[in-house]
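The values are calculated or read from the model by the stated rules, or taken from the named source; none is laboratory data. This structure is a prediction, so every number in the text was calculated from the model and none was measured. All Cβ positions, even for glycine, are placed from backbone atoms using ideal geometry, and neighbour counts span all protein chains on display.
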Amino acid sequence: MRAAGTILLVTFALAAPAPATVLRQIDHLVYATPDLNRGIDTAEKLFGVRATPGGQHPGEGTRNALIALGPTSYLEIIGPDPEQARPARGRRFGIDDITAPRLTTWVAKGKALDQFAAEAKAHGVNVGAVIPGSRKRPDGVVLSWTYTDPRVVLADRPALIATFDSPKGRVELSSR
């Protein structure tokens, strides 16, 4: 039995992608907060970096700020937008139910999300419907994408994001 376990472990290790490959698949980490300014201040104390304003998520009742984690990944600090009403369906990432800033989930880069979501559902895994999303940056530029509905995201699986239809510079980030 011990030999079988060792063989399984070695097989998994050899089949697993290299850590650098895995890290390139991470689009962003989601740090949800009941108050965006509080979340930005808390993140600055934790990481020593002040987040850059990201913008509003129209119709979602949220806005965000961003901190670079590398050339293609970032930390999203997301909280209620006082300029928008709370959506009837609630804000993403459980923002309406949290009382303090916290790392909520992560978002992986994906392709063919409709196919992926259908295959996951066929195997009993609900990753949520593929829906459109957008963010209006402070300079007025609107960025758009598709992603799996983050309202069904659980801690054991990420939301997936794909299909950016946006101008160059989708993320203007703080890295200092």
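A few remarks follow.
- From the list 41, 114, the lone residue that is within 18 Å of residue 161 (Cα to Cα) and free of Cβ contacts under 8 Å to residues at least 24 places away in the same chain is 114.
- Residue within segment 80-99 that is touching a Phe, Trp or Tyr at 6+ places or on another chain (Cβ under 8 Å), at pLDDT below 90 and not acidic (Asp, Glu) present: no
- Taken over segment 68-83, residues that are part of a strand (DSSP E or B) and either closer than 12 Å to residue 30 by Cβ or hydroxyl-bearing (Ser, Thr, Tyr) (or both) amount to 6.
- Among the residues of segment 130-141, those that are more than 15 Å from the chain's Cα centre (by Cα) and touching a residue at least 60 places away in the same chain (Cβ under 8 Å) comprise 136, 137, 138.
- Residues in segment 62-79 that are crowded, with 19+ Cβ neighbours inside 10 Å and in contact with a helix residue (DSSP H, G or I) (Cβ under 8 Å, 6 or more places away or on another chain): 62, 63, 64, 65, 67, 73, 75, 77, 78, 79.
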